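Novice: One structure, as structure tokens, below. Some questions next.
The values are calculated or read from the model by the stated rules, or taken from the named source; none is laboratory data. From a predicted model like this one, the values you see are computed outputs, not experimental measurements. Neighbour counts are summed over all protein chains in view; Cβ atoms, including those assigned to glycine, are modelled from backbone coordinates with ideal geometry. Side chains included, ligands, DNA and RNA excluded: accessible areas come from the protein's heavy atoms. Shrake-Rupley method; radii C 1.70, N 1.55, O 1.52, S 1.80 Å.
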Amino acid sequence: MSTIYSTAKICDYHRTKVCNLTLEPDLTRILRTSRDYGELAHVWKQWRYKSGRRIRDHYRLFVNIANKAAKLNGFDNMGDMWLYPYESDTFRQDVGELWEQLKPFYQQLHAYVRRKLREKYGEQHISQRGPIPAHLLGNMWSQSWGEIYDLLIPYPGKTSVDVTPNMKTKGYTPRRMFELSEEFFVSLNLTRMPPEFWEHSIIEKPKGRELICHASAWDFCNGKDFRIKQCTDVTMTDLITVHHEMGHIQYYLQYKHQPNVFRAGANPGFHEAVGDVLALSVATPKHLQKIGLLDNVEEDNEADINYLMSIALDKITFLPFGYLMDLWRWGVFSGKTKEENWNCAWWDLRYNLQGIKPPVRRSEYDFDPGAKYHIPANVPYVRYFVSFVIQFQFHKALCMKAGQYDPLDPSKPLHKCDIYQSTEAGNALGDMLQMGSSKPWPDALEALTGTRKMDASIIREYFKPLEVWLTENNERHQEFVGWEGENDFCSSDSPARHEPVGEPSSGAAVSPGLLVVVLMAFLLQQTHQ
Ligand code: KAF
Ligand code: ZN
């Protein structure tokens with residue numbers, strides 16, 4: 001399944017003979033930069049045709065085997081086994097409650113984005129009260145929407161906080177991006193990368209051979225060999241991903257003295273959160289200015305809202321996706337979601353939680369979950385939802401240690417905090433990382449933050465000015481908050497009714513008129529032979 005996913009290629013929308021486009025970097029780049037409705041729909045559809053659809057049969061077999069293994073380990077199914085590291089009987093419920101607390105804010109952001117996209121693409125494509133078409137959000141899975149920030153910027157006159165163009169003009173390379181990240185860790189008194197890391201890591205896509213490009217970080221368990229594999233593109237998003245991966249390596253380095261069983265995150269969400277916490281500081285305009293990636297930085301309410309919007313498009317939009325990936329798999333592994341309904345159950349979740357819809361009809365011949373890396377590679381996903389919640393708890397604790405945040409001082413809000421060069425913050429983080437999984441995760445959380453529970457209120461606090469702004473903006477434009485209707489895009493019957501079983505056409509559907517012309521041409525040709 002992983003091989004099908006990582007070797008899938010599709011044809012270009014404009015040049016039909018070019019059929020070697022890969023997810024990284026080609027399709028990611030098109031989703032990020034194209035604003036052509038038809039091209040985006042083509043790429044969205046073809047990617048799912050070449051990846052997910054071809055994985056479906058294998059996945060059926062896989063679910064069976066995975067559940068057998070889980071049963072041998074004493075669990076009811078693989079979904080239950082995945083929750084074991086969270087050490088809680090109420091974990092599913094806790095995550096559901098966190099999402100309920102964050103949903104109202106997500107819906108405000110969703111309503112604003114739908115209005116701006118309606119202005120861009122027109123009412124024929126985007127309705128007043130319906131879900132948003134999934135291919136217009138700058139990302140193949142609509143999982144985070146930061147790449148269409150240019151269409152959504154609240155105050156366009158102000159400096160842009162997207163530093164991708166500056167990275168390119170300043171000649172940034174993948175190597176420089178990794179060195180920049182290492183320097184941030186070292187500035188906190190955390191550990192430098194060992195020479196083996198630089199020797200053996202793959203940080204650029206190699207030419208002339210296939211590679212699983214999805215980023216990953218590896219512990220070779222000998223205390224010195226730690227590696228990252230990433231097909232790094234010179235963009236701001238990838239700079240954040242570099243920090244994310246370096247966070248995994250830093251965790252490995254901090255707990256390398258632990259016995260093997262404890263060389264893991266306090267729970268999987270902790271492992272995912274380390275690099276992201278540092279990236280919250282790196283992305284602040286002041287920090288970007290410090291490292292020469294932004295020139296002039298304005299300090300007023302409008303610049304603040306612009307900045308918070310850019311971060312919310314990465315963090316808030318991700319939450320329902322981070323939750324639904326495993327909601328879907330919990331249903332599949334437990335058998336509550338039947339195979340005849342796998343794809344439509346996926347789209348029910350996409351509609352209900354994210355408020356999006358596919359650009360073209362889906363059927364049970366499709367397998368759209370399989371078009372996202374973690375499904376064929378069988379990597380659990382709720383860890384990222386957990387990470388996105390607790391990273392703001394970590395951020396707040398570290399900012400207090402760094403003297404960069406004071407709840408009573410309005411000149412030091414959470415979203416402006418940059419922990420760079422704070423050894424107090426770094427030491428506190430290091431102390432927690434060194435524990436590995438030797439203690440229950442609430443102990444680790446308490447060691448850093450003073451609390452034993454995951455808490456969504458910190459995210460709400462971080463984004464408070466934006467939430468107020470969005471609510472007012474949606475009211476002023478009388479934008480409907482939420483979505484309704486337009487959820488009849490997935491059918492469990494034969495796809496032949498909607499689309500040929502073979503390769504779907506990339507443009508408009510073939511009209512009956514055209515079919516008649518083709519048939520006549522064919523008959524004419526026959527009579528001439
Ligand atoms: C996270 C952060 C920002 C945006 C989006 C995300 C979610 C998610 C995504 O959908 O892209 N991020 C990733 O998948 C990053 C890759 C990884 O670092 O999480 C990687 C995934 C992976 C790859 C191969 C085998 C297993 C997991 N995880 C690790 O390399 C990893 C995981 C646990 C411990 C140490 C390293
Ligand atoms: Zn990760």
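Novice: Name the pairs: first residue in the range 155-173 and closer than 25 Å to TRP469 by Cβ and modelled with pLDDT of 95 or more, second residue open to solvent by 60 Å² or more (accessible area, probe 1.4 Å) and part of a helix (DSSP H, G or I), Cβ to Cβ under 6 Å, at least 6 apart or on different chains?
Specialist: Between residues of the range 155-173 that are closer than 25 Å to TRP469 by Cβ and modelled with pLDDT of 95 or more and residues that are open to solvent by 60 Å² or more (accessible area, probe 1.4 Å) and part of a helix (DSSP H, G or I), the close pairs are TYR155/GLU302.
Novice: Then there's this: Scanning the range 284-310 for residues that are more than 17 Å from LYS170 (Cα to Cα) and part of a loop (DSSP other than H, G, I, E, B), which turns out most open to solvent (accessible area, probe 1.4 Å)?
Specialist: It comes out as GLU299.
Novice: Hey, another quick one. What residue, of VAL360, VAL382, is away from ligand 1 (no atom under 16 Å from the Cβ) and of a type in the set (Val, Ile, Thr)?
Specialist: Numbers: VAL382 fails: away from ligand 1 (no atom under 16 Å from the Cβ).
None of the other options fit; the residue is VAL360.
Novice: Another question about this same structure. May I ask you to list the residues in the range 226-250 that are within 14 Å of ligand 2 (Cβ to nearest atom) and aliphatic (A, V, I, L, M)?
Specialist: Matches in the range 226-250: ILE228, ILE240, VAL242, MET246, ILE249.
Novice: Regarding the range 253-263, can at least one residue be identified that is out of contact with any Phe, Trp or Tyr (no Cβ under 6 Å at 6 or more places or on another chain), modelled with pLDDT of 95 or more and within 14 Å of ligand 2 (Cβ to nearest atom)?
Specialist: So in the range 253-263, the residues out of contact with any Phe, Trp or Tyr (no Cβ under 6 Å at 6 or more places or on another chain) come out as 253-262.
Adding the requirement that they be modelled with pLDDT of 95 or more leaves 253-262.
Filter again for within 14 Å of ligand 2 (Cβ to nearest atom), leaving none.
No, the conditions are met nowhere in the range 253-263.
Novice: Also, I was wondering about something else. In the range 443-492, how many residues are of a type outside the set (Val, Ile, Thr) and in a loop (DSSP other than H, G, I, E, B)? Spell out the reasoning first.
Specialist: Our first condition is that a residue be of a type outside the set (Val, Ile, Thr); within the range 443-492, this holds for 443-448, 450, 452-457, 460-467, 469-470, 472-480, 482-492.
Subsequent filtering for residues that are in a loop (DSSP other than H, G, I, E, B) retains 450, 452-456, 463, 477-480, 482-489, 492.
The total comes to 20.
Novice: If only one of ARG383, ARG350, ARG362 is in contact (Cβ under 8 Å) with a residue 12 or more places away in the chain and touching a Cys at 6+ places or on another chain (Cβ under 9 Å), which one is it? Working first, answer last.
Specialist: Details: ARG383 fails: touching a Cys at 6+ places or on another chain (Cβ under 9 Å); ARG350 fails: touching a Cys at 6+ places or on another chain (Cβ under 9 Å).
Result of the check over ARG383, ARG350, ARG362: ARG362.
Novice: Here's a follow-up. Criterion first (modelled with pLDDT of 95 or more, open to solvent by 20 Å² or more (accessible area, probe 1.4 Å) and assigned to a loop (DSSP other than H, G, I, E, B)) does LYS396 satisfy it? Lay out the reasoning, then the answer.
Specialist: Numbers: modelled with pLDDT of 95 or more: yes; open to solvent by 20 Å² or more (accessible area, probe 1.4 Å): yes; assigned to a loop (DSSP other than H, G, I, E, B): no.
No.
Novice: Next question. Go through the range 232-252 and report how many residues are over 16 Å from the mean Cα position of the chain (by Cα) and within 12 Å of ligand 1 (Cβ to nearest atom).
Specialist: Looking only at that region, the number is 7.
Novice: Does any residue in the range 202-229 that is in contact (Cβ under 8 Å) with a residue 40 or more places away in the chain and more than 12 Å from ligand 1 (Cβ to nearest atom) come within less than 8 Å, Cβ to Cβ, of a residue that is hydrophobic (A, V, I, L, M, F, W, C) and outside any strand (DSSP E or B) six or more places away or on a different chain, and which pairs are these?
Specialist: Close Cβ pairs satisfying both conditions: LYS205/LEU211; LYS205/CYS213; LYS205/CYS231; LEU211/CYS231.
Novice: Does the range 328-345 contain at least one residue that is closer than 17 Å to SER144 by Cα and open to solvent by 10 Å² or more (accessible area, probe 1.4 Å)? Steps first, answer last, please.
Specialist: Taking the range 328-345 as the starting set, the residues that turn out to be closer than 17 Å to SER144 by Cα are none.
No, the range 328-345 contains no residue that is closer than 17 Å to SER144 by Cα and open to solvent by 10 Å² or more (accessible area, probe 1.4 Å).
Novice: Does GLU446 satisfy being open to solvent by 20 Å² or more (accessible area, probe 1.4 Å) and farther than 30 Å from TRP346 by Cβ? Quick ask: steps written out before the conclusion?
Specialist: Values: open to solvent by 20 Å² or more (accessible area, probe 1.4 Å): yes; farther than 30 Å from TRP346 by Cβ: yes.
In short, yes.
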